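The structure under discussion appears below in the form of structure tokens.
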Amino acid sequence: MKIKTKLTLGVGLLFVLIVLLSVIGSVYINKLKSDTEKILIANYNSLEFSQNMLLALDKINTDSAIAIKDFKKNNILQEKNLTEFGEKEATQNLNLHFESYLKQPNPEKEKLIREDLVKIMALNMKGIERKSDIAIITAENATFWIVSLGTVCFLISFILLFNLPQTIAEPINQLTFSIRQIANKNYNERVHFKGSEEFNDLANSFNIMAEKLQEYESSTLSKQLMDKKRIETLVNNMHDAVIGLDENNFIYMINDEALKITNLNKEEIIGKTVHEVAINNDLIRELLKNIDNPLKEPLKIAADNKENYFDQEIVPINIVKTGEKEKKYIGKVILLRNITPFKELDFAKTNFIATISHELKTPISAIKMGVQLLGNQKFGALNDQQQELLKSINEDGQRLLDITGELLNLSQVETGNIRLHIENCSPEKIVQTAIKNVEILAEQKNISIITELNISENDMITADFDKTVWVMNNFLGNAIKHSFQDEKIQVIIDKLENFIQFSVTDSGNGIDEKYHRQVFDRYFQVPGEHQNGTGLGLAISKNFIEKQHGEIGVKSSLNQGSTFYFKLPLA
Ligand code: ADP
């Protein structure tokens, strides 16, 4: 049964019974009141009248006028108050006997009057007795009904008092306990209430909720585990090596590629700090050395019986925790990007370029020689047009030779086949040789090359003379190419702390700042310029200078000329 129905029934019944009790109570009280009133009016008054008449009769011999008047007055009142059976006849007899007494008073008649009065009194006394019995029965009935209803009310209240608080409080206590269990993630908790329909519904709803929470908990857990597995598999199948460190440099993750190249075993490193592992592992030690400043050069690591190349990258991990605002550092990931396939392609290309340029060099030289022989007119005179043609063939041949020379240089640099003859060289001599090489070129545009030597005669550098002259030539060649007619090019040699700096300044069109880094890249030419070049000169220069432990750079702005410089160590 529903608690609501139970309550309505119990309290409702109690209410009805209380109303009934009050109605019955007041009905019986009224009835008792009317019974008493009846006795009072009907019988008590008659007794009083009779008694007054007796008293008047007693005084009739002494004070006859007043006594007769008194008697008559009470007799009239008695005549109006005839309520009992036989009272009328007795009163009529009394009248008759009193009338005859008044006509002829004698003790005999007085006695008859007294007997009449006693009869009236006796009739009324009986009436009182009878009515009192009725009142007693009414009172007994009232007591019965009031006690019965009172008992029923008491029983109902008793039942409600002992049943209701428990019926309501117990499920609430049980529910509170179960909610606490759920809050503590004990999703197995279930409630079972017996009896009331409402609490059964509540229990069902609670159990469904707990079941769903349990399902959700287990599903998110398995989903998370699945996601973790997925990410682990992904990380493990990467060709790049990945090592995860927490904020205290403990290794918490390492993928198969990283294990392979470091020759490490997963079990022996997980949970150790990277510094502990580095004690017995060269590669980790090398990585650790550059952890704050990753290597720019690719790392060469032997694995799978071949050389592998990796680019090192350090990715710091900063997260914003739930409920917080600030980012928090929780570790870093060391990423070794496997660039071996690109390197292999690069080598293949370099070898191809080396072979081609080497193979082209001989036929181009032969063509040039043939052109020179023809030019000598050994095999007959040439007309002006033929000489013009020969000249342009010669120039093209020379350009082809220059290009193949540059390509050869580049391939030598890239394959590491470059042979340097490091010796003490005079900076002045290098500059003079280079200027001599470009003299004719400069003359064609009427460009004057001014040198400024800010060094002493004894200042020497340790360098490969030919390669350095080649770089200087390249700088001067570019400066002439990008200068306008009749301009000046400045060559300055400065002494720095441990270096000698060579710089070539022109007042040509200059280079936009965004291209400064790229001009030293292979095959790069500033966009929008239509020059005949290869884009290799500065890349080769950079390689030559860096191989000699020097530095190379450019300072330039658009339309404000350029200064290319390099520094080489003092001897
Ligand atoms: P190349 O001259 O054969 O094109 P380089 O490597 O020597 O190749 O030069 C790369 C690019 O740098 C050139 O194409 C040119 O756009 C730019 N550059 C080099 N030197 C100068 C200079 N002195 N003034 C303006 N631009 C220059």
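The values are calculated or read from the model by the stated rules, or taken from the named source; none is laboratory data. These numbers come from a predicted model, not from an experiment. We place every Cβ from the backbone using ideal geometry, glycine too, and count neighbours over all the protein chains shown. Areas reflect the complete protein model, heavy atoms only, side chains present, ligands, DNA and RNA absent. Shrake-Rupley method; radii C 1.70, N 1.55, O 1.52, S 1.80 Å.
Data for the structure
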item: Rounded accessible area per residue of the stretch 345-414, 1.4 Å, Å²; result: 67
item: Distance histogram in 5 Å bins (all Cα pairs of the stretch 239-338, percent per bin); result: 3, 12, 23, 25, 18, 9, 5, 3, 1, 0, 0
item: 17 Å tail of the calculated P(r), the stretch 383-458, as % of Cα pairs; result: 70
item: Charge-dipole axis of the chain as Lys and Arg at +1 and Asp and Glu at -1 on Cβ define it, positive-most pick from Ser64, Asn474, Ala139; result: Ser64
item: Carbon + sulfur, % of accessible area of the stretch 234-315 - ligands and nucleic acids excluded, 1.4 Å; result: 47
item: Folded to 0 to 90 degrees: helix 384-415 orientation relative to the chain principal axis, Cα; result: 50
item: Exposed-loop-free span, longest in the chain, where GluC sites (Glu not before Pro) count as exposed if DSSP calls them loop and at most 15 other C-beta atoms lie within 10 Å; result: 1-246
item: Listed residues Leu259, Ile243, Ile269: farthest to the positive end of the dipole of the stretch 239-338 (Cβ charges); result: Ile243
item: Amide H contacts under 5 Å for Ile489, placed H, 5+ residues apart; result: Ser448, Ile449, Ile450
item: Cβ-defined net charge surrounding Phe564, 13 Å radius [Lys, Arg +1; Asp, Glu -1]; result: +2
item: Exposure ranking of Leu401, Leu225, Leu20 by accessible area [1.4 Å probe, largest first]; result: Leu225, Leu20, Leu401
item: Solvent-free Debye scattering, log10 I(q)/I(0), computed from the Cα coordinates of the stretch 345-414 at q = 0.14, 0.16, 0.23 Å⁻¹; result: -0.52, -0.61, -0.91
item: Derived scalar couplings ³J(HN,Hα) [the stretch 197-207; Karplus, 6.51 cos²θ - 1.76 cosθ + 1.60; whole Hz; x for Gly, Pro]; result: 5, 4, 5, 5, 4, 4, 4, 4, 4, 4, 5
item: Solvent accessible area, Å² - Thr83, 1.4 Å probe, full protein context; result: 70
item: Compactness relative to 2.2 N^0.38 Å, alpha carbon Rg of the stretch 3-165; result: 1.75
item: Carbon plus sulfur fraction of accessible area for the stretch 420-569, probe 1.4 Å, in percent; result: 44
item: Quarter of the Cα convex hull surface for the stretch 420-569, i.e. its orientation-mean projected area (nm²); result: 8.4
item: 5 angstrom amide H check on Met253, placed H, neighbours 5+ away; result: Gly244
item: Volume in Å³ per residue [convex hull over Cα atoms, computed for the chain]; result: 403
item: Nearest-ten-degree value, helix 340-375 long axis tilted from longest Cα axis of the chain; result: 30
item: FRET efficiency, 1/(1 + (r/R0)^6) with R0 35 Å, evaluated for Thr233 and Ile182 via beta carbons; result: 0.50
item: C-alpha long axis of helix 3-38 to longest principal axis of the chain, angle in °; result: 20
item: Value of [θ]222 nm, deg cm²/dmol, for the chain, DSSP H segments ≥ 4, -39500 (n - 2.57) each, nearest 500; result: -21000 deg cm²/dmol
